[in-house]
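A.B. asks: The structure under discussion is supplied below as structure tokens; questions concerning it will follow.
The values are calculated or read from the model by the stated rules, or taken from the named source; none is laboratory data. Computed from a prediction, not measured in an experiment: that's the story for all the values here. Note that we place each Cβ from the backbone using ideal geometry, even for glycine, and neighbour counts take in every protein chain shown.
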């Protein structure tokens, strides 16, 4: 029988952790880009894009990530596409992140006082100019803290992709736990791994939030 | 494409689907209620800095908020038995949900408690409110009123998150879906239908929580 030293376990988990990190970053960045498009649709003047964006957001915020992944995974294979797990995981998490990020950013855009739009309009700025020079710079300042906070949710969300067979940190952990019969040790290490990835982000998000409040009250 | 969609399995498996829905609702209700209670106690300890609970709660909150629910579930169900704590998959699932909701609601309710204006507490003191009355009527109730939307969202998120409990074979809705699709090989239809059920449940739970919030919490105390 093959024996596992602690280093063997940690080394394999580190490999899984690297994939978790990669998947989180890809999903977060691509999801952010998609969210930007969704955001503009969601706050558009015309009703059809607004409605469509809202439906998209509600569907992704109202269903479990696990079932989104399952539906995507099995739905695409119905179309005759052979979807590898990493692709389904990446696309699924990207769609998931885009819905949440769009909604977070919409809140920030809408919390910019109405008067700012009107001031822009009275200076004869077009919609695009008002957005670019007046609204977005202010909304972005408010959006940074919750966006960093949401990054934690994305990292944690990657754990769910283990269920469709993507060999990230959790999946690696399950395989090692099954091979070593040391579930407490292995899942404990997995948890520590996620904590090390997430805690700095949470901490930073909290600090940003505090700083934002401080500037607002002064 | 010649694929024929077939949703006829719904009728055949209606009892199982109902069982799965009921189980998910049970996880949400018990997890939400007990978790919120744990969160309220935690928020009180953290706000008044009651030693040593304030510190313990902080560790608990940070640990649970910064690790995935799935890993917490695995650690409880697969990991704890090696420390001699053995539980059924149902017990592990409900425990994990309670602890998860507890951690999030601690932070949510704490934010509400901290937003109590100092002047209101002083006003209550000058009206000879007891300590307990001040806490309940001036701090906790307005705090819950303020954070109720955030708390409701968190409970809905936990309901959606409970789908991963299928991985330790707790018999909730996703577990039922996995079972059905392993029988009829209609994976897409089964998961599509299950997703739709979750969507409807999320909507209904959100509406019920809004109603509860309106009648039980936002309602002003009688004069």
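A.B. asks: So which residues in segment B:193-213 are within 14 Å of another protein chain (Cβ to nearest Cβ), under 16 Å from the mean Cα position of the chain (by Cα) and surrounded by fewer than 15 Cβ atoms within 10 Å (Cβ to Cβ)?
C.D. replies: B:203, B:204, B:207
A.B. asks: Please specify each residue of segment A:100-113 satisfying the condition of being part of a helix (DSSP H, G or I) and surrounded by fewer than 24 Cβ atoms within 10 Å (Cβ to Cβ).
C.D. replies: The answer is A:100, A:103, A:104, A:106, A:107, A:108, A:109, A:110.
A.B. asks: Which numbered condition in (1) surrounded by fewer than 15 Cβ atoms within 10 Å (Cβ to Cβ); (2) without any contact (Cβ under 8 Å) to a residue 24 or more places away in the chain is the only one that residue B:68 fails?
C.D. replies: (1)
A.B. asks: Additional query: Residue under question is residue B:163, and the condition is that it be closer than 30 Å to residue B:17 by Cβ and either surrounded by 23 or more Cβ atoms within 10 Å (Cβ to Cβ) or modelled with pLDDT under 90 (or both); does it hold?
C.D. replies: yes
A.B. asks: Can you tell me which of B:153, B:158 is in contact with a helix residue (DSSP H, G or I) (Cβ under 7 Å, 6 or more places away or on another chain) and either touching a residue at least 12 places away in the same chain (Cβ under 8 Å) or part of a helix (DSSP H, G or I) (or both)?
C.D. replies: B:158
A.B. asks: Within segment B:57-78, can you find the residues that are under 19 Å from residue B:163 (Cα atoms) and more than 7 Å from chain A (Cβ to nearest Cβ)?
C.D. replies: Residues satisfying the conditions are B:64, B:69, B:72, B:73, B:76, B:77.
A.B. asks: Of the conditions (1) more than 18 Å from residue B:111 (Cα to Cα); (2) free of Cβ contacts under 8 Å to residues at least 60 places away in the same chain, residue B:61 clears all except one; give me its number.
C.D. replies: The failed condition is (1).
A.B. asks: Here is a follow-up. In segment B:79-97, what residues are crowded, with 20+ Cβ neighbours inside 10 Å and within 12 Å of chain A (Cβ to nearest Cβ)?
C.D. replies: Passing the criteria: only B:79.
A.B. asks: Follow-up question, since we're still on this one. Given the structure, is residue B:40 at pLDDT 90 or above, under 14 Å from the mean Cα position of the chain (by Cα) and more than 14 Å from chain A (Cβ to nearest Cβ)?
C.D. replies: Taking the combined requirement at face value, the residue satisfies it.
A.B. asks: Determine if segment A:38-52 includes at least one residue that is within 14 Å of chain B (Cβ to nearest Cβ), on the phi < 0 side of the Ramachandran plot and at pLDDT below 95.
C.D. replies: So the first thing to find is which residues in segment A:38-52 are within 14 Å of chain B (Cβ to nearest Cβ), and the list is none.
No: zero hits.
A.B. asks: Only one of A:205, A:151, A:121, A:191 is in a helix (DSSP H, G or I), surrounded by fewer than 19 Cβ atoms within 10 Å (Cβ to Cβ) and in contact with a helix residue (DSSP H, G or I) (Cβ under 8 Å, 6 or more places away or on another chain). Can you tell me which?
C.D. replies: Answer to the selection: A:121.
A.B. asks: Could you tell me which numbered condition residue A:32 fails, if it satisfies all but one of (1) more than 25 Å from residue B:178 (Cα to Cα); (2) more than 16 Å from the chain's Cα centre (by Cα)?
C.D. replies: So the condition that residue A:32 fails would be (2).
A.B. asks: Further, regarding this structure: Is segment B:38-58 home to any residue that is in contact (Cβ under 8 Å) with a residue 40 or more places away in the chain, outside any helix (DSSP H, G or I) and closer than 30 Å to residue B:176 by Cβ?
C.D. replies: So far as segment B:38-58 goes, no, none of its residues is in contact (Cβ under 8 Å) with a residue 40 or more places away in the chain, outside any helix (DSSP H, G or I) and closer than 30 Å to residue B:176 by Cβ.
A.B. asks: Next question. I'm trying to understand the selection: among the residues of segment A:124-142, which are closer than 29 Å to residue A:208 by Cα and surrounded by 15 or more Cβ atoms within 10 Å (Cβ to Cβ)?
C.D. replies: Answer for segment A:124-142, where residues must be closer than 29 Å to residue A:208 by Cα and surrounded by 15 or more Cβ atoms within 10 Å (Cβ to Cβ): A:130, A:131, A:134, A:135, A:136, A:138, A:139, A:142.
A.B. asks: Among the residues of segment A:70-91, is there at least one that is within 11 Å of chain B (Cβ to nearest Cβ), within 14 Å of the chain's Cα centre (by Cα) and in a helix (DSSP H, G or I)?
C.D. replies: No, segment A:70-91 contains no residue that is within 11 Å of chain B (Cβ to nearest Cβ), within 14 Å of the chain's Cα centre (by Cα) and in a helix (DSSP H, G or I).
A.B. asks: If the requirement is being outside any helix (DSSP H, G or I) and within 14 Å of another protein chain (Cβ to nearest Cβ), which of these qualifies: B:170, B:128?
C.D. replies: Result: B:170 is the single residue among B:170, B:128 that is outside any helix (DSSP H, G or I) and within 14 Å of another protein chain (Cβ to nearest Cβ).
A.B. asks: Which condition number in (1) in contact with a helix residue (DSSP H, G or I) (Cβ under 7 Å, 6 or more places away or on another chain); (2) surrounded by fewer than 19 Cβ atoms within 10 Å (Cβ to Cβ); (3) more than 21 Å from residue B:184 (Cβ to Cβ) is the one that residue B:22 fails?
C.D. replies: (1)
A.B. asks: Can you tell me which residue within segment A:2-24, out of those that are farther than 15 Å from residue A:193 by Cα and loosely packed, with under 14 Cβ neighbours inside 10 Å, is modelled with the highest pLDDT?
C.D. replies: Result: A:5.
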